[in-house]
Each structure stands twice: as C-alpha cells, then as structure tokens.
1. Here is a check on your reading of the model: is LEU131 more than 22 Å from LYS318 (Cβ to Cβ) and at pLDDT 95 or above?
2. Given THR120, THR166, THR189, which one is more than 30 Å from LYS86 (Cα to Cα) and in the same structural domain as VAL77 (by TED's automatic domain parsing)?
3. Name the helices (runs of 4 or more DSSP H) wholly within the stretch 205-314 that hold at least 2 residues that are charged (D, E, K, R)?
4. Just a yes or no: is a residue in the stretch 28-35 surrounded by fewer than 17 Cβ atoms within 10 Å (Cβ to Cβ) and closer than 19 Å to GLU186 by Cβ?
5. Take the residues in the stretch 286-310 that are within 26 Å of the chain's Cα centre (by Cα) and modelled with pLDDT of 95 or more; name whichever of them is surrounded by the most Cβ atoms within 10 Å (Cβ to Cβ).
6. Can you name every one of the strands (runs of 3 or more DSSP E) wholly within the stretch 87-189 that holds 3 or more residues which are touching a helix residue (DSSP H, G or I) at 6+ places or on another chain (Cβ under 9 Å)?
7. Find the residue count for the stretch 315-359, including only residues that are over 21 Å from PRO128 (Cα atoms), in contact with a strand residue (DSSP E or B) (Cβ under 7 Å, 6 or more places away or on another chain) and either in a loop (DSSP other than H, G, I, E, B) or not assigned by TED's automatic domain parsing to the domain that holds LYS231 (or both).
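The values are calculated or read from the model by the stated rules, or taken from the named source; none is laboratory data. The structure presented is a predicted model; accordingly, all values stated were derived computationally and were not measured. Cβ coordinates were reconstructed from backbone atoms using ideal geometry, including for glycine residues, and neighbour counts include every protein chain displayed.
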Amino acid sequence: MPKEILINQLFSGGYLNEGENIGHEVINLFKDDDGNNNLFITPSGYVKRHDELEYILFIRNFSKRKTVEVVGLAEKVYRITDEEMKQVRYAGVSLDRIFKNNIFHGGVDSFQNHVTFRATKYYLPSKPIFLSIDDDFKSSEYTVYIETEKKVLIPQGMRTYFSEITDGGAYNQLKKLIGTKKYWKENATERLFPDGAIHNHLPSFLEIIRKEDDENIFSNLFSYYFEYSHKLFQKFAAEVLGIPDMDLSFSIQRETMGRVDIWVQSDNHMIVIENKIKSGINGVKDDYSQLNKYCKLAEEKKKNETVNYYIFAPDYAKLELSKYGVEKVYTVIRYSDIYDFFVRESETYIFDRAFPDFLRGLKRHSLSLPELQFETMRSRLLRKINQLQ
C-alpha cells in the first residue's frame, strides 16, 4: 500500500462548547503515565484502512479551510489493542472516567474509542508554520504552498490524506517540511501532574455566562477600569498607548459617538478605540470601512485636540488594515500588552471583586490560538482529574 501523510484538524466544532466537554483530542497534548504519546484522530477516533501512515500533521483552520496552521506532528504511529487502551492513565485516572460526563447533543457521549494511534515521537513547531492552497494568502510566517488538486485542505470531515502515489507533489512537500529539523521541537509533550489548586479554580463569571469572547462585554470592562482610576489611565496611556501627556480629566463614551466602541475625550486628546475579538472589520464597501468612518467622524469633531486611533485585538487575531488604507493611522494594541499592564497595576484594584475575572479574561486573549486551545482543554482536564482523585 502507498505511504500516506494525514492532516487532521483539532479542537473544532460545537462539541467543545457543550457544557464543560473535554475534547478527546486533548490526549494528543500530553504523555500518559507511562510516557506514551497517545493520539485521538478527530472527529470520531476511528481510522479505517490507512495502515501505511508515516506522519500525522495536526492543524487548526486559519482561513477558509484553504490555509491552516500546524500545531503538532506525530511520527511512526501504530495502533494499540483495546486492552492496552483500557490501561492508559493520565495522573492515575482512566480515559473512561475522564470523558464519562461529556455530552453530545444534550445526550450521553457516544465515543468509545479513546485512542486511535500511539506515536513513537511527537513534535511541536519551533516557529509558526502555515500550509496553504490559497494563492491570495500572504504571511510573514513560514508558509508551504501545497501543490494539489484538492479544493480545500481540510474538508468537513476534518481529515485529509496525501498519498505518495496519488498526491506525489504535495506528499514530497510535506515530507521535506517534516524532515527539516529546525522547524520542530522534539519530545515537547509532558506527563500530567495535577495541581490541587485547579480543583478550586472555578469558572470566571465570563465563562459562566459564556461571554469570554464577547467584544461588547470587554469594551464595557475596559471603560469601567479606565474610569476606575483616572491617574492609572493616564499611566496606561503613556505606557501602552504611547501618549505621554494624557490629561487627568477626561470622559469616556461607549458606542455613542458614531458607534465607536470606546471614545475618550479630554481637552487635549481624543482617543478612538475599536475593540476586536472574533469579528472582522465591519461596514466594508469598496475598500471603505467602519475604521475610515471613525477617522472622518473624529476629524469633523476635533478642535485643537490630538487624535489617536487604536484597535485592541487578541494576540491570535490577524488584521489586514492595509486593505482599507488605515495601517498608518490605527495602532494595534495586543491584549497581552493590556494584560501585562493590569497585572503590574493590580494592587490598585485589590478591593474590586470583578477584577480577578477580568484579568483571566484578558489572559485568555493574550494567547495564540494553539495556546488558547491548550489552556482551555488543560484546565478542563486537570479540573476533572482533581475531582476524580
């Protein structure tokens, strides 16, 4: 049989959003108690035929299923018996017990095959790696443009196989990528050691109300904490926004000035902030967008103030400001910079009961998407293990 390379998408779909479900593919991120790298191939865990798999590239969808980011690599995979699967333990807990309370469409989780393969070696990328079949995709990161007749890299089934016979060009490109050692960190997974503190690490209020990705909620929180201490916002303006002479007296408006997310007005400064978490640039028509509209509005309203434009965005967000001609107008402020500032100044908010959850929400968006997926599943997994111990 011809040799193959499998590309498999992780952490996708509504399954992970049902309650506190733990994605079965979370086992791909850790070694078990015996130091083995067990693998679950989404969506079902079952792989029929395909017994000549050389490698598995784990990815996340990046754009239109035509561009994906590599998040892991498994080498020399093989199947294990049902009896061996029953003996697998993570921090002393069996797979049956870990996934027992998962739900599927409101009912009992039907997954039975918890391990698809076991890998002799597992790697993580040492730098961002993208695979693409989209000629329009441009990135400063390392990108392999795959030679294939396939219309998408990842279909709805979350798997794509590249054969040395039927997809020779793509197969050889992937083999070359895999064989270039500088792109990979070997033995990057570790065994699980549960931390008792996780047991008491309850969901934040944002997680409880399922608003941890809500732009309006975060814009409200930003406005609240900027208003909380004008002196500290003055420091935020200097250290994060690059405004060294921000007035101590100012007003904050939320979506009242032309629907700008946050509008800060003082005698000497006008600050326009657009907060973007999951959505793109809205109101686009003929390369004219909401960002251009906000510039026009601010210019009409300003008197002698200095106007500064910002976009607050998660570290994982990709923004194409050049498409609208505003890349030299708007400054992108990453959530990690905002998070770092509030961590440094947390003593100011020591008596504010909501502040710790605000920080947790900021941290979530200061991660790359693979890191975010890892942290979410790691937290759920460790919480479950500690409950069972």
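1. Spelling it out, it is not the case that LEU131 is more than 22 Å from LYS318 (Cβ to Cβ) and at pLDDT 95 or above.
2. THR166 is the lone residue from the list that is more than 30 Å from LYS86 (Cα to Cα) and in the same structural domain as VAL77 (by TED's automatic domain parsing).
3. The qualifying helices (runs of 4 or more DSSP H) are 215-228, 230-236, 290-301.
4. Yes: the stretch 28-35 contains one or more residues that are surrounded by fewer than 17 Cβ atoms within 10 Å (Cβ to Cβ) and closer than 19 Å to GLU186 by Cβ.
5. Keep residues of the stretch 286-310 that are within 26 Å of the chain's Cα centre (by Cα), which gives 289-291, 309-310.
Of the ones still in play, those that are also modelled with pLDDT of 95 or more are 309-310.
Numbers: TYR309: 18, TYR310: 21.
Within the stretch 286-310, the match that is surrounded by the most Cβ atoms within 10 Å (Cβ to Cβ) is TYR310.
6. By residue number, 117-125, 142-145.
7. The total comes to 1.
For (1) surrounded by fewer than 16 Cβ atoms within 10 Å (Cβ to Cβ); (2) modelled with pLDDT of 95 or more; (3) of a type outside the set (S, T, N, Q), each residue gets a yes or a no:
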residue	(1), (2), (3)
LYS48	yes, no, yes
TYR55	no, yes, yes
LYS86	yes, no, yes
ASN102	no, no, no
PHE111	no, no, yes
